[in-house]
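Let me begin by presenting the structure, written as structure tokens, before commenting on it.
The values are calculated or read from the model by the stated rules, or taken from the named source; none is laboratory data. Quick caveat: nothing in here was measured; it's all calculated off a predicted structure. Cβ placement follows ideal geometry from the backbone for every residue including glycine, while neighbour counts extend to all protein chains displayed. Remember, those area values only see protein heavy atoms, side chains included, never the ligands or the DNA or RNA. Shrake-Rupley method; radii C 1.70, N 1.55, O 1.52, S 1.80 Å.
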Amino acid sequence: MNRYVFWVLIILPWFILAVFLTQNRDASVRALALIMLLIHLCIVVNARRKAVGLSAAETFKAFVPLWGAQEYNRLFFQEV
């Protein structure tokens, strides 16, 4: 997965969610939208993780500040 496609797939759903939540006031629909967003983000990060060659443990390490800096750079910025 190209890193630019990855960034679009990570950032664009947040904009869509912001617009959706400002237009919709029903709490049950909001919860469903948030769950769908989290599932989407997990799928995208997993696809990128496999493309870059990170293990699941290294991926979790990438989200810990200052501890997984190398893994973070590989996950988000490495050219594939």
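Averaging the sequence gap over all C-alpha pairs within less than 8 Å and six or more residues apart, then dividing by the number of residues, gives the chain a relative contact order of 37 percent. Accessible surface area normalised per residue over the chain is 70 Å², counting heavy atoms of protein chains with a 1.4 Å rolling probe.
To the nearest 500 deg cm²/dmol, what mean residue ellipticity at 222 nm is calculated for the chain from DSSP H runs of n ≥ 4 alone, each contributing -39,500 (n - 2.57), summed and divided by the residues? Please report the intermediate quantities before stating the final value.
Values: 4 runs with 63 residues, N = 80.
It lands at -26000 deg cm²/dmol.
Around the Cα centre of the chain, unit charges on the Cβ atoms of Lys, Arg, Asp and Glu (plus for the first two, minus for the last two) sum to a dipole of about 40 debye. For the stretch 3-77, list log₁₀ I(q)/I(0) at each q in 0.14, 0.22 Å⁻¹, using the Debye formula over Cα point scatterers of equal strength and ignoring solvent, two decimals each. Relative scattering, expressed as log10 I(q)/I(0), comes to -0.53, -0.95.
Output wanted: per-residue J couplings in Hz (rounded whole) for the stretch 8-13, from phi through Karplus 6.51 cos²θ - 1.76 cosθ + 1.60, θ = phi - 60°, x for Gly and Pro. My calculation for the stretch 8-13 gives 5, 5, 7, 8, 4, x Hz in order.
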